[in-house]
1. Students often check this: by mean Cβ neighbours within 10 Å, which of 431-440, 513-522 ranks highest, and how do the rest follow?
2. Which entries in LYS120/LYS172; LYS37/LYS159; LYS215/LYS376; LYS219/LYS271; LYS130/LYS172; LYS158/LYS329 show an alpha-carbon gap greater than 21 Å?
3. Treating only the Cβ atoms of Lys and Arg (+1) and Asp and Glu (-1) as charged, compute the dipole magnitude of region 178-309 about its Cα centre; round to the nearest 20 debye.
4. Going by a ≥ b ≥ c, the root eigenvalues of the Cα gyration tensor, does region 324-401 fall in the rounded group (a/c under 1.5), the prolate group (a/b larger than b/c) or the oblate group?
5. Output the relative contact order of region 297-378, whole-number percent, from Cα pairs under 8 angstrom with separation of 6+ residues.
6. Would you mind calculating the relative contact order of region 226-303 from Cα pairs under 8 angstrom and at least 6 residues apart, reporting the percent as a whole number?
7. Please report the net charge: other residues with Cβ closer than 15 Å to the Cβ of ARG361, K and R +1, D and E -1.
8. Counting Lys +1, Arg +1, Asp -1, Glu -1, what net charge surrounds GLN418 among other residues with beta carbon under 10 Å of its beta carbon?
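Every number here is computed from the coordinates shown, using simple stated rules; none is lab data. Keep in mind the model is a prediction, meaning the values are calculated, not measured. Cβ: placed from backbone, ideal geometry, glycine included. Neighbour counts: every protein chain shown.
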Amino acid sequence: MLNLGSAAGKSAKASFVSYVTPEEIKITEKETSRKEKHPDLLPGEVVFCSANPIVKYTQDELSQRGVFGTLVCTNFRISFVSDEDPAEEAQLFRNKLYGENDIPLTCVDHIYGGYDEKKKLITGGLFRNKNPSKIIIHCKDLRVFQFSLTYAKEEEAKKIFQGIVHHSLEPKSLKCVFAFSYCEKAAPAPEVQKMHRTVMFDTVEDWTQEMKRTKGNCKVVSANENFSLSPTLPQFFIVPTAVLDEDFTKFQGKGVPLWCWSHHSGCALFKMASLPLVQEDGLSQTYKIYTDRMLNAVAQTHLYSVKTEELSDTLPTIQDVQLSYSRFKQFFLIDNTTEFWMSDMKWFSSLESSGWLDIIRQCLQKAVEVVECLEKENTNVLIMEESGSDLCCVISSLVQLMLDPHLRTLGGFQSLVQKEWVSGGHSFLDRCNHLHHKDRELQSPVFLLFLECVWQLLQQHGPAFQFSETYLTVLSDSLYVPIFSTFLFNSPHHRATIGKGESPLAQRGPLSCPSVWEWSLQFERKAQDLFINPLYTDKPKHEKSLRKPYRPKHQRQLSLPSTAFKSPQKKGFFKEEADSLKKMLRVKRISRWLHSPDSAQASTREFYEAWQRKPRDFHGLVLPCLDGPALRVWMQRYLRWLHQVQIFGGGAVAVMSKLAELAGEVQELRRELERQACSPGPNHRRATASSRSSVRLSSAFPFASSRAWSSRPAIPTSLLHSLMISGNMADLDDEGPLSVV
């Protein structure tokens, strides 16, 4: 989500003012007194401190060339404004909230200081001792910035360094988040007609319509609209019809099976926050009786059958997810070219050893197991974990994406996130650590893990998804933009308390922050076109007669009267026998996954192979291939800022760009045919301007600039020389293959 020019293919102008070698430049008194430049401020944005001249280093070569400008810290971002006049270029993918040299404060991950050629991690206490000559900022969207403070006045350098560290790393309260200042000052966004409707699930009608859409047979609960039943439950939710109103208040919302989705066969998927394990016999027995009653309520939804799964028994904890991702992302936070090529020698095996791809595989595997129960066995499924709002959200969302083609549209996917994550009570504020609290136990990239799994499905079954890879990347970046209410709170109760002015944080009236789905706040309509997958086509709407072909009845059946032999209603003896059978089934079919992990994988493999033998239907069930090479690295998100790996004029982006171009031509031809059909007589085809761009796109389009990089060798000469001395690079075998493209 950066300001990128469409004229990226043009060669950079030779300039000793913009691109300089700091060691060779002497700053004159006249230059130091020049006027500072500040960025265009958003509503409610306030400048805290600034310094000039500051050098922003580039990373394309060892000589550490850079650009002079002003470094500014506001209550929203860290911004570098170049002293050069901005080039007049058309912006293909410009984010309207922040630019390519801006870092939202909530996007700062780590800050390092350069002390006598040594790099030290900055924490709350270190910055008071000595100011560094260089600041290195690692961002959560994997950008890396390096700023030299050498040429600024000592007092200004000290103030900007301490200001950046304080406002981006020190713990803060929620009222200090920029969203509160922005929403207070910003004018209401103009009504824009949305092409893709997003269901917000903040009314009873939204939930009722969703249950009708999936043909569920549960009940909608609205008694918690004011959170009078439980602050941990949503305002509106759906439960099995056998759950009583008094069950909601017994254990503060824990142990209540919440409906997620219904299969067309009648079975359904539920999730639940597990009751805590206790040692006291009396309380333990109470928990057991309550849990059994909830299981029976779920079982009655369809065929008196239910399978339960405690996710903590088979999936990693959120702390494991955080640790694995912390190791994984380090291989993409590269400070300079030398560091990149040194890490490249063991890059594949290092990625694999982080365990991140394995966690993605485990989540997809578990989702396929749940899909198998719903699709093949027609059994209700209840997934559980301690909070009910972390891995439960991941698995339930993936299951629905695999089974429901509506949720693979752009509007359907956004509605799914609203239902399962926002209304479902995922702790975005804590998991994203927007307030920079020191308690790392709460921080974990759970939502990013979900987006990673969705990307794996997207790259394996592209035509099944209406949204593109670029959309997922932008959504992952939006997590760290402190404006949207979608990712700002820990639960619906938390959001409602602050939004309705019931909290000291909302002293000046109700808070109304925009949703992240209001994409017009970030991008122009033309840029939003990149969110759409050109390979996707809507499901054709066949006539009813085509969907249900006529099937002639047997001749004997045709000879019978239409109403003579109706089956009698089940009552008396037959009803009693049926009830007895239901009770037996209820006891026998309420079970956990009893098979071992090996047998589970074998069963899932068999289910996948049986599905794969069927004709491909992108508007039906889709399942991921979980073999090693099939799981790949999300290249656009992780490699877009590393120009060393960009493919100019090639890569997947070139293929997608060509497909989008061809799809546009096909649509234009269809419109022309429709015009000719409506207007009889001679028609001359209108001359349309070609939409083909002469810009040579890079594989990181539309995020990374395609400006001409240095023409020097990709591997620095000194490093190449040392590698040749130490041995042939071809002999440096990696530990194991890992597919990246």
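1. Working: 431-440: 16.6, 513-522: 19.1.
By packing density, highest mean first, the sequence is 513-522, 431-440.
2. Where the Cα-Cα span goes over 21 Å, the pairs concerned are LYS120/LYS172; LYS130/LYS172; LYS158/LYS329.
3. Values: 13 positive and 14 negative charges, 93 e Å.
Here the size comes out at about 440 debye.
4. Details: a/c = 4.25, a/b = 2.77, b/c = 1.53.
It is prolate, given that a/c is not under 1.5 and a/b is the larger ratio.
5. Working: 26 pairs, mean separation 24.3, N = 82.
Normalised by residue count, the contact order of region 297-378 is 30 percent.
6. Values: 89 pairs, mean separation 23.3, N = 78.
RCO, region 226-303: 30 percent.
7. Numbers: positive: LYS366, ARG605, ARG632; negative: ASP320, GLU352, ASP358, GLU369, GLU452, ASP627.
Every neighbour counted, the sum reads -3.
8. On the way: positive: LYS419; negative: ASP202, ASP206, GLU420.
Summing Lys and Arg as +1 and Asp and Glu as -1 gives -2.
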